[in-house]
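Values in this text are rule-based calculations from the coordinates and carry no lab data. On a predicted model such as this, the values are computed, not experimentally measured, just so you know. Cβ atoms come from the backbone with ideal geometry, glycine included; neighbour counts cover every protein chain shown.
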Amino acid sequence: MKIFKSLIFATGLALAAEAPIFAQDAAQNRVVITGVRFAYPLVDKWIKQYTAENPKAQIVIETRTITDPEKYDLLIEAYDQEKEVKDTREYVSIGRYALLPVANSGSQFAREFSEKGLVEKTYKQVFFHDIYAEKDKSITTPFTVYTRLQKAGAPLTFAKYFGYEQQQIKGKTIAGADEHLIKALLKDDTGITYTVPGLAYDLTTRKATDGLTIIPVDLDGNGKVSKEEKSIDNLDQLLEKLESEKVKNVPVEYVHFSIAKNNSNPEAKKFLLWVASHSEEDLHQFGYLKPEAKRLQTEKEKLERFSAVK
């Protein structure tokens, strides 16, 4: 009996000694990602692919609310950060997103401007406060712009492209993410907004999302919207056009992944390198444009050197 009890005691000690090791391994393999919410579906696919190849990895997305979670390893952003932030993090530009004007399909605005389209002058007049700009008095159709309340990638990019600040975007401000603008617009038969292709289009059918009309714009800057420029019914055709031609009146910006330069999670480094090598395969599926090849290669090489530092 004494021998049996001694064996139980010894086994208990061994298990107790191993428990902290298991916990430590789990903590080292856990990666927390947060940031711009419209990128979550794409990132979620990468997580599933990576963890299938690396089953010990535990990678989770913690949803950004008004602020970022207190602790995270990787940050996804949709605009260029300030220098003081960039100096503390390593970046890789995983893809590019475009911004398109959309309207509630039941609106008078959708019926009129799906045919007329938007040239730069009317685009600015519809979406921005500008007391100095010359006004087109022919725009009498009622509309309500929906925009983001908080500082965020899409409104910053949208405003900057046309020479404005985010606070100069007209309309009703909505707290929450970009998809909340779409939800608000769908409840308002005068509603219009700007959004990414991944929300403007149904990613399965590659056609416009139910209830939305994508408004064509003057892509060549000649002051009118041609029949060809109105051909935006298919997401893949749109992406091909945006990648192969130099277009106007379509704001485009990079989606970045970043990691802290100091005391960074080794598993997060591995995942980030994997993304840099595999990201292009899935970009079009989720409505993104591919990054410039030279830029991606330069950032990938820099990331490889960073990851080699223990």
Can you give the % of DSSP beta bridges in the chain that are antiparallel, to the nearest 5?
65
Percent antiparallel among DSSP beta bridges confined to the stretch 100-250, rounded to 5, stands at 60
Listed residues LEU238, LEU74, LEU99, most fluctuating in the chain (Gaussian network, C-alpha, under 10 Å)
LEU238
Quick check: Cα centre of the stretch 130-200 to Cα centre of the stretch 60-106, how many Å?
19
Quick check for me: using +1 on Lys/Arg Cβ and -1 on Asp/Glu Cβ, what's the dipole size of the stretch 100-250 about its Cα centre, in debye to the nearest 20?
420
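Stretch THR63-ILE139 to full length: gain in nm at 0.36 nm per residue minus the Cα-Cα span?
23.4 nm
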At a 10 angstrom cut-off on C-beta neighbours, averaged per residue, how do the peptides 126-138, 187-199, 223-235, 40-52 rank from highest to lowest?
187-199, 40-52, 223-235, 126-138
Modelling each spin label as a point 7 Å along the Cα-to-Cβ direction, I'd like the GLU84/VAL252 distance in nm, to one decimal.
3.3
Taking the Cα centre of the chain as the origin and placing charges on Cβ (Lys, Arg +1; Asp, Glu -1), which of HIS256, LEU149, ILE33 is farthest toward the positive end of the dipole?
ILE33
Identify which of the listed values of percent of Cα pairs over 38 Å apart was calculated from the structure shown: (i) 38; (ii) 25; (iii) 7.
(ii)
